[in-house]
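The values are calculated or read from the model by the stated rules, or taken from the named source; none is laboratory data. Fair warning: this is a prediction, and the values are worked out from it, not measured in the lab. In this analysis, Cβ positions are derived from the backbone assuming ideal geometry, glycine residues included, and neighbour counts consider all displayed protein chains. For accessibility, only protein heavy atoms count, side chains too; no ligands or nucleic acids. Shrake-Rupley method; radii C 1.70, N 1.55, O 1.52, S 1.80 Å.
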Amino acid sequence: MINTCLLNLQVTDPMNISEPDSSFAFIREFILLGFSYEWKIQSLLFSLFLTIYALTITGNGAIICALWCDQRLHIPMYIFLGNFSFLEIWYVSSTVPKMLVNFLSDKKTISFVGCFLQFYFFFSLGTTECLLLAVMAFDRYLAICRPLHYPNIMTRHLCTKLVLICWVCGFLWFLIPIVLISRMPFCGPNIIDHVVCDPGPLFSLACVSAPKTQLLCYSLSSIVIFGNFLFILGSYTLVLTAVLHMPSATGRQKAFSTCGSHLAVVSLFYGSLMVMYVSPGLGHSAGMQKVATLFYAMVTPLFNPFIYSFRNKEIKAALRKLLGSFNVM
């Protein structure tokens with residue numbers, strides 16, 4: 001249940017946002033608790049998170065460079081993968097730098113504007129990732145189930161258009177609910193017991209109840225998560241059926257290798273997302289929320305480069321070629 005401040009005030013419908021009452025003592029900054037332990041543990045966590053962040057940037061950056069330098073990989077499948085790696089760099093960068101600063105800070109504060117900017121970019125990039133994973137599943141469906149028509153359907157023009165649609169829709173999807181939440185009055189306390197500025201804690205800190213805004217926020221989350229997940233599930237059901245009917249064992253192995261990597265990423269990402277944003281009424285503990293958020297905000301972007309390159313001969317060859325060019329210099 002959303003906590004409300006004990007103030008005797010007349011509140012208008014939160015979906016029809018008006019100028020807040022001047023009697024509220026407005027919050028100018030939040031305290032983002034994150035993981036508040038003794039200094040030694042804070043230092044250990046800082047080192048761990050910094051290492052994960054550096055590996056994530058390096059791994060995804062290496063895939064982008066390898067795909068960019070190898071002309072043979074300038075095809076839709078790898079264009080999508082390159083955009084996905086680029087997205088992961090920005091996705092992890094929307095939250096982890098602030099976490100690192102908070103580990104070394106006693107105050108652990110984040111400004112009101114900074115909190116909602118983090119909220120916007122974190123959710124927008126997450127939505128873009130959901131859409132991009134669905135587009136990548138569609139690409140694999142066409143390549144395996146419609147191999148003769150694939151070159152004519154998945155052209156460079158369509159590939160570019162799909163990537164742009166993912167980015168634009170991702171950054172527009174949560175814009176209205178974030179604006180509505182940011183215009184709600186927050187009168188204290190200002191402590192967010194989380195690692196990021198998340199809608200759940202923000203709703204609990206608001207001075208007024210906003211059931212319609214909360215319903216809108218979680219409805220949009222459910223639509224983008226379940227809608228894309230069901231689309232991916234349907235695509236890979238058709239792919240699996242087609243693969244099992246392939247006469248060539250080599251073709252089946254190659255198809256399973258490509259699709260297996262993508263399904264592993266989908267499972268990691270969507271599993272933790274569904275726990276957090278599709279079941280707000282379960283009353284998850286603060287500790288569980290933090291762990292689940294870290295899983296899809298840090299662990300998944302870290303593993304993605306290894307998952308996609310581990311069983312992909314083309315990417316491994318491109319990475320070896322890239323490393324070889326650095327050794328020559």
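Table for the structure above
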quantity: For the range 29-315, accessible area per residue (1.4 Å probe, heavy atoms of protein chains only), Å²; calculated: 45
quantity: For the range 29-315: span of alpha carbons on each principal axis (Å, largest first); calculated: 64, 43, 31
quantity: Portion, in percent, of the accessible area of the range 29-315 that falls on carbon or sulfur, probe 1.4 Å; calculated: 73
quantity: Pair K40, N152: separation of 7 Å Cα→Cβ label points (nm); calculated: 7.0
quantity: Histogram of C-alpha separations across the range 198-274, 10 Å bin width, %; calculated: 15, 33, 23, 15, 10, 4, 0
quantity: Dipole magnitude of the range 29-315 about its Cα centre (Cβ charges: Lys, Arg +1; Asp, Glu -1), debye to nearest 20; calculated: 540
quantity: Estimated FRET transfer efficiency when R0 is 25 angstrom, pair L100-A286 (beta carbons, to 0.05); calculated: 0.80
quantity: Net charge contributed by nearby residues that have their C-beta within less than 14 Å of F121 (K/R +1, D/E -1); calculated: -2
quantity: Neighbourhood net charge (11 Å Cβ-Cβ; Lys/Arg +1, Asp/Glu -1) for T300; calculated: -2
quantity: Förster-model FRET efficiency, 35 Å R0, S209 and L117, C-beta, rounded to 0.05; calculated: 0.90
quantity: Surrounding net charge for F269, when Lys and Arg each add one and Asp and Glu each subtract one, Cβ distance under 15 Å; calculated: -2
quantity: Rg/Rg_ref, the range 116-263, where Rg_ref = 2.2 N^0.38 Å and atoms are Cα; calculated: 1.37
quantity: Segment S93-K313, extension gain: residue separation times 0.36 nm, minus the distance between their alpha carbons; calculated: 76.3 nm
quantity: Mean separation of Cα contacts under 8 Å, 6 or more apart, over the residue count of the range 29-315: relative contact order %; calculated: 27
